[in-house]
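The values are calculated or read from the model by the stated rules, or taken from the named source; none is laboratory data. In this text, all values refer to a predicted model and were calculated from it rather than measured experimentally. Neighbour counts run over all protein chains shown; Cβ positions are idealised from the backbone, glycine included. Note: accessible area is taken over every heavy atom of the protein model, side chains too, but ligands, DNA and RNA are not part of it. Shrake-Rupley method; radii C 1.70, N 1.55, O 1.52, S 1.80 Å.
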Amino acid sequence: MIIGLDVGGTHTDVVLLGPEGVLARTKEVTDQENLVDTVLRGVDGVLGDIDPGKVSRVVLSTTLTTNSVIRNTLTPVGMVVAAGPGMDPKLHTIGPSFHVVKGALDHRGAEIAALDKEAVKKAFALIREKGIRAVGLVTKFSVRNPSHEEAMEKAARGLFDSVFCGHRLSGVLNFPRRVASCWLNAGVHDAFSSFSQAVKEAFQARGIIAPVHILKADGGTFSLDAALECPGETVLSGPSASVMGAIPHAPSAKDVLVLDIGGTTTDMAVLIDKVPVLEPLGAEVGGVKTLFRALKSVSIGLGGDSVLHVAGKELHIGPDRKGPALCLGGPLPTPTDAMAVLGLFEGGDRAAALKGMEVLGRDLGMEAEAASCFVLKSLCEKIRDAAFAMVAGINGRPVYTLHEMLEGYVVKPEALLVMGGPAAVLAPGLGEVCGLESRAVPDWGVANAIGAALARTTCAVTVLADTQRGFVRAPEEAYSAEAPVAFNMADAIALAEKLVREKALRLGADAKGLEVEVLESQEFSMMRGYRRAGRNIRVRAQVKPGLIRNGGIA
Amino acid sequence: MMLKAKSKTGLVFFPAFDWAIDPSHPEREERLLYTQDQIFEEGLMDIEGIQEFKPDLVTDQDIQRVHFCVPDEPTVTTSSHYVSAGGAKTMARELMEGRIEKGFALVRPPGHHAMRVVHGGRGFCNINIEAIMVEYLRTHWGVKRIAIVDTDCHHGDGTQDIYWHDPDVLFISLHQDGRTLYPGSGFMEELGGPNAAGYTVNIPLPPHTSEEGYLYTVENAVLPILDDFKPDLIINSAGQDNHYTDPITNMNFTAQGYARLTELLNPHIAVLEGGYSIEAALPYVNAGIILAMAGLDYSHVLEPDYNPAVLKESKDTLQYIHKVCDRVMDQWNRRGPELSQKVFGKKEFHERSRSIMYDTDGIYEGQKEILRSCTDCAGSFRIESKSDRGWRIIGVHIPVNACPACKAQGEDWYEKASGADKAYLQDRSRDLYLKKS
Ligand SMILES: [Zn+2]
Ligand SMILES: [Zn+2]
Ligand SMILES: [Zn+2]
């Protein structure tokens, strides 16, 4: 049995899954001040009298990291960075104690300027003077040569409670994001560590001995212990739970739009043959751009509680929410009232809704019913436009080879999966305006928790070989070896697959059925004069996001 | 800290990682690899106000506004050329639609050695990507006056050829003196055709020109000329082979110099041309240009071995450059009919013959051109071209703003064209391209 928990901002959805499907479910109010208690209430809620020893896996999403960033409650982090040629590194200042030291590497990992170890020591002293106990160490091009970060890490040992390096968190090039991601890792580590410890102890106390996993922004999971090494990856794990929850219902071999319609926002994502589309670089949260792998998701300010008003004969929906719908005692009409008028929403005061829609209809020159139909159709059209714009954005992503330019995959949505409160009401209308097959995800209320429960462990590794300089490296995995002249693409792919497999297992993946795929492979002859001086090989391999099984869900 | 570009800057980055002229050619897969590394590592595309665009592909029709491709467009190009020209076109469209204020097409292969008639590749170029963009801008957006400033180290002989007769498109080329470098042209005496005398401006610079000399030229020749010409748009053919580490040239320009040049020139659109120091120059030069276009600080973009004192020109070189600029300005100030009469004489028709070498594809072409002298428009002309591959073609060009007399003359030439394998009519006044065999 598996327990899946989606810890949301206001409530927490929990399911207990057996081989045949959902055995139990519950919904708890989230206590942001005590997430562990929320998790325990959820677990107790679904377990009831069931023997906790029978639970084989627990997966939870958490708002901890996202909230720490948005509320600015990260622990203070001292940053020491070295950059070399390019933009002024001070432009990337983050945190209360940011220090730039001399030292530079180039795009191939060659040292341009030695690291100023004295300056590093001084920076550490200044950071400690401020009473800061966490430090982030980042250099430009550290994913090509981690030696400067490693030297700083060595010097930091014993001086700080937590020390994070840039090269361990991603193999992707982007110095400013590496700085921000490293800061986030170091800043959330304390809180995450306490949370993780408390969860472990509480579960032990209840006799749950199963491995506990956390959901990541890319819709994959990793173990609680692995999460401590890179807690920033748990950012935005909530939204990814919903997308993963749609997967069991997505048709195979089709491009599917997932639309999660909430009270004030609609979150949109794309599945290609049941695999979610990812962001090219990483998650962005509270204005902080990171290198943490993340699902591509776009949020727009349209939902069931979006306020309706007419200006100059034109209907406006949202983006504000001014309270609940009229039919639920709110101040202003909303799409929910339109549903109530049309008898598509039970359990509210239809008379109040009708009154509101009559007023709105007068401004539009329509009867209340017609106005209600018009509101819902407009809502669907606005969601469609935003969704198609997102798809155009994905298809408009730059590519760097002729092959991708001429034969690259083009996303063409073939079906809609609708989640959220108004899903059942809006699914047909959305299908109609989009001209696509459309359905509401059954039992959408727990789909997110199911998504968390069934998400597989994911990871990626980048391997870089430079046979002229004679090395092959995967700094994320602290891997470095000499590369013989004959080192070739097949060797690089084999190495990347091996490293990504090992990493996945370390993060908590099940060896059975572990699938690894090569994301990118590029090989360049490095010509110097008319002679081939070596090969420059870049390979990125991953375990892609997906479910461990469809497990009687759909 | 929120970084924000002062000018909304668009970027098309198309390194064509799977395309080369041949594996050891300077124009090979690896060329923009380290540039990609640097601009990705800098996180330039994350800066608010800098946006990366996927390039469009140009159509045959886009190419036909500029070239007579012999026998046709697909034969003398690869799909890579359609993308690199497309990248420039994308920047033009985004600019005109108002989504960006500046655009940089960081694309390959380059185009500024491609002339009006195309039998094959010359100087690594097959089709002229700036000219294709310029003609797109004129046709679709009605842009009237355009200045192309070619800062590649090699003389932009292709662009010069295409706009030789057109006084509405000012062509300025700064380059290493043609006596010391391919293609061996670009002397001050090359000043445009009889209908556009003075509107081709060549500024040959001595070898070893560095920051001071180059920027002096920009401030004392290029900018004053642009001030006089008052173009609606400024295009920069942004070759990067003036760099002190470039393997096929002899100049001493730098990343700082290129960034400052971009700031001074303030082009609406820059299009990458040459630049073959792929590790020591391009990553820094391109980062510098992008930051300069966006109006951001570039003072830290320095090559690892940057040493301005070592690179600085001698006094003699600087004095020579000052003299060149004086002569350029003197000639510019005499532009127009008077200069034309002095150089070309007063005739109803002007004829010229020349031979053109396609070094990249090893083709020789012989050309005879006849131009109708005109003060009302750029003048129609007819080119007879023969290549040693056996092609004989006739190409007739009617300019964008053709006067009735030139239009009639062009149509007549095309109608009467015979004895060639193919005849083409490039009627820019009607955006029409006809061919007959
Ligand atoms: Zn929920
Ligand atoms: Zn050049
Ligand atoms: Zn005329």
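Quick notes on this one:
- Single residue of A:Val58, A:Val100 found to be buried (at least 19 other Cβ atoms within 10 Å of the Cβ) and either more than 13 Å from chain B (Cβ to nearest Cβ) or touching an Asp or Glu at 6+ places or on another chain (Cβ under 9 Å) (or both): A:Val58
- Within the range B:421-430, at least one residue is more than 27 Å from B:Phe187 (Cα to Cα), of a type in the set (Lys, Arg), under 27 Å from the mean Cα position of the chain (by Cα) and surrounded by fewer than 14 Cβ atoms within 10 Å (Cβ to Cβ).
- Restricting A:Val270, A:Val298, A:Val258 to residues that are in a strand (DSSP E or B) and open to solvent by 10 Å² or more (accessible area, probe 1.4 Å) narrows the list to A:Val298.
- Qualifying residue in the range B:133-152 (condition: within 16 Å of ligand 2 (Cβ to nearest atom) and at positive phi): no
- Only one entry of A:Gly158, A:Gly171 meets the criterion of being surrounded by fewer than 24 Cβ atoms within 10 Å (Cβ to Cβ) and over 24 Å from the mean Cα position of the chain (by Cα), and that entry is A:Gly158.
- Residues that are open to solvent by 30 Å² or more (accessible area, probe 1.4 Å) and under 18 Å from A:Ser240 (Cα atoms), drawn from the range A:417-439: A:Gly421
- When the range B:30-63 is limited to residues that are in contact with a Gly (Cβ under 9 Å, 6 or more places away or on another chain) and in a strand (DSSP E or B), the one that is nearest to the other protein chains (Cβ to nearest Cβ) turns out to be B:Glu52.
- Entry remark, the range B:276-309: residues being touching a residue at least 40 places away in the same chain (Cβ under 8 Å), more than 12 Å from chain A (Cβ to nearest Cβ) and either among the small types (Gly, Ala, Ser) or more than 16 Å from ligand 2 (Cβ to nearest atom) (or both) number 3 in total.
- Any chance B:Thr209 is within 16 Å of ligand 2 (Cβ to nearest atom) and open to solvent by 20 Å² or more (accessible area, probe 1.4 Å): no
- The listed residue being within 17 Å of B:Thr35 (Cβ to Cβ) and either over 19 Å from the mean Cα position of the chain (by Cα) or surrounded by fewer than 24 Cβ atoms within 10 Å (Cβ to Cβ) (or both), out of B:Ile225, B:Ile234, B:Ile278, B:Ile248: B:Ile278
- When residues of the range A:508-554 are limited to those that are in contact with a His (Cβ under 9 Å, 6 or more places away or on another chain) and more than 14 Å from chain B (Cβ to nearest Cβ), the one surrounded by the most Cβ atoms within 10 Å (Cβ to Cβ): A:Ile553
- Any hit, the range B:76-96, residues being acidic (Asp, Glu), surrounded by fewer than 24 Cβ atoms within 10 Å (Cβ to Cβ) and within 14 Å of chain A (Cβ to nearest Cβ): yes
- Within the range A:63-96, if we keep just the residues that are touching a Pro at 6+ places or on another chain (Cβ under 7 Å) and farther than 24 Å from A:Pro475 by Cβ, the residue that is farthest from the other protein chains (Cβ to nearest Cβ) turns out to be A:Pro76.
- Considered as a group, the residues in the range A:497-507 that are touching a helix residue (DSSP H, G or I) at 6+ places or on another chain (Cβ under 9 Å) and either basic (Lys, Arg) or crowded, with 23+ Cβ neighbours inside 10 Å (or both) include one that is farthest from A:Leu224 (Cα to Cα), and that residue is A:Val500.
- Residues located in the range B:122-164, provided they are among the small types (Gly, Ala, Ser) and either part of a loop (DSSP other than H, G, I, E, B) or touching a Leu at 6+ places or on another chain (Cβ under 9 Å) (or both): B:Gly123, B:Gly142, B:Ala147, B:Gly156
- If the condition is being more than 10 Å from every other protein chain (Cβ to nearest Cβ), surrounded by fewer than 18 Cβ atoms within 10 Å (Cβ to Cβ) and either in contact with a Phe, Trp or Tyr (Cβ under 8 Å, 6 or more places away or on another chain) or of a type in the set (Gly, Ala, Ser) (or both), then the range A:387-416 contributes A:Ala389, A:Ala392, A:Gly393.
- Scanning the range A:395-424 for residues being touching a residue at least 24 places away in the same chain (Cβ under 8 Å) and assigned to a loop (DSSP other than H, G, I, E, B) gives a total of 9.
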